[in-house]
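Enquirer: I have a structure here, written as structure tokens, and I will follow up with some questions on it.
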Amino acid sequence: MLQSILTHHSTISKKAFSAGDHQQAAAHLRCLTLCLKGKQALLQELKRYHITYAIEVNESRMHQASAQAEDLFESWVASLVAEAEREAENAEAIKKLPEGIRKNYQPALKILHDFLALEIPSKRVLLNALNWYNQWSYDLHLLHGEKVMYDKLQEAKPIADQLHVLCDKKAIYTRENQILATFYNYYGFTHDDPQKAITYLEESIAWCPNYIGAEELLQSARQVVLAQLDQKVTALLKTYHFTEALQEIQDAEPYIQNPKEINILRGIVYAAKAYWCGLRGLHSEARTNINTALQYAPDEEAIQEMKQTIDRLIRYAQ
């Protein structure tokens with residue numbers, strides 16, 4: 001009896017999905033997914049909808065129901081993914097695509113997107129969808145460059161976000177971790193904001209520490225952030241915005257992860273402020289700021305020279 005009830009939900013949901021009645025398909029699929037979650041999830045759902053029951057929940061029967069529901073759901077999903085894979089490998093359709101596009105991505109992903117719109121999580125569906133987006137974006141990069149690649153990855157971002165929570169970062173050799181690492185690597189590589197690029201490249205390495213080329217891309221992005229910071233600080237010092245310059249350095253520091261370069265920039269800011277104070281006769285503030293500058297960058301020649309200049313300014317004023 002239990003098997004026939006669960007099979008009924010599976011069959012009806014599959015027919016409804018094929019007919020385009022996604023609301024009915026979702027309702028029956030949720031019955032399966034609710035059963036496979038186990039006793040506590042089922043009782044919480046009954047309570048949520050104020051549904052009372054007078055029978056004792058049998059643990060053994062509940063376990064059996066969960067196992068049967070999981071088998072039916074995974075079989076349902078497997079058939080859906082198989083259909084999408086046939087569409088992706090449709091040789092006649094691929095011939096009509098631009099040269100360099102390896103698969104019939106769009107119709108295949110449409111099948112998976114229709115399922116994902118039901119808001120019923122499936123690692124297998126998400127995994128296949130993200131893998132195809134990775135491949136498609138790579139093809140587009142070779143044909144049209146980084147901007148087009150990034151736009152395609154933007155479409156995939158919600159899928160990556162959903163898959164992310166279903167996977168384990170510690171399982172670094174699994175297929176899902178490799179696919180997530182690839183997505184974050186591509187997304188970081190194409191992002192026009194270097195700080196965000198660093199965040200995604202770090203995420204790629206977190207999912208797969210040995211991902212080829214990720215460390216080089218990460219270091220390159222850090223250098224871009226450092227160069228941009230140097231430009232911002234220089235511009236702010238020209239208008240004597242010392243506090244703002246120090247704030248820019250603090251904000252960028254987590255992305256650069258280069259204490260020496262950061263301290264040199266801080267030293268330059270304090271040295272510039274010391275000179276500004278010295279010219280205005282604020283000798284105590286000038287001494288304090290140049291000493292702070294030397295604490296941050298004691299070996300920096302420009303700061304050492306500024307110290308001598310400050311000393312001369314103070315001597316001449318006395």
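The values are calculated or read from the model by the stated rules, or taken from the named source; none is laboratory data. Predicted model only: the values in this text are computed from it and were never measured. Neighbour counts are summed over all protein chains in view; Cβ atoms, including those assigned to glycine, are modelled from backbone coordinates with ideal geometry.
Enquirer: Looking at Ser79, Ser137, can you tell me which residue is under 18 Å from the mean Cα position of the chain (by Cα) and touching a residue at least 24 places away in the same chain (Cβ under 8 Å)?
Expert: Only one candidate qualifies: Ser137.
Enquirer: So Asp168 clears everything in (1) crowded, with 21+ Cβ neighbours inside 10 Å; (2) within 16 Å of the chain's Cα centre (by Cα); (3) without any contact (Cβ under 8 Å) to a residue 40 or more places away in the chain except one condition, right? Which one?
Expert: Just one mismatch for Asp168, condition (1).
Enquirer: Just checking, which of Leu112, Leu116, Leu126, Leu166 is aliphatic (A, V, I, L, M) and either in contact with a Lys or Arg (Cβ under 9 Å, 6 or more places away or on another chain) or farther than 19 Å from Leu80 by Cα (or both)?
Expert: Criteria check complete, one pass: Leu166.
Enquirer: Could you say whether any residue in the range 105-116 is over 17 Å from Leu166 (Cβ atoms) and not in a helix (DSSP H, G or I)?
Expert: Looking through the range 105-116, none of the residues is over 17 Å from Leu166 (Cβ atoms) and not in a helix (DSSP H, G or I).
Enquirer: Where residues in the range 169-198 are among the small types (Gly, Ala, Ser) and modelled with pLDDT of 95 or more, which of them is nearest to Asn131 (Cα to Cα)?
Expert: Once the filter is applied, the top-ranked residue is Ala181.
Enquirer: Restricting attention to the range 267-294, which residues are basic (Lys, Arg) and modelled with pLDDT of 95 or more?
Expert: Listed by number, the residues that qualify are Lys273, Arg287.
Enquirer: Any residue in the range 225-243 that is at positive phi sitting within a Cβ distance under 6 Å of a residue that is part of a helix (DSSP H, G or I)? List the pairs, counting only those 6 or more apart or interchain.
Expert: Correct list of pairs: Tyr240/Trp276.
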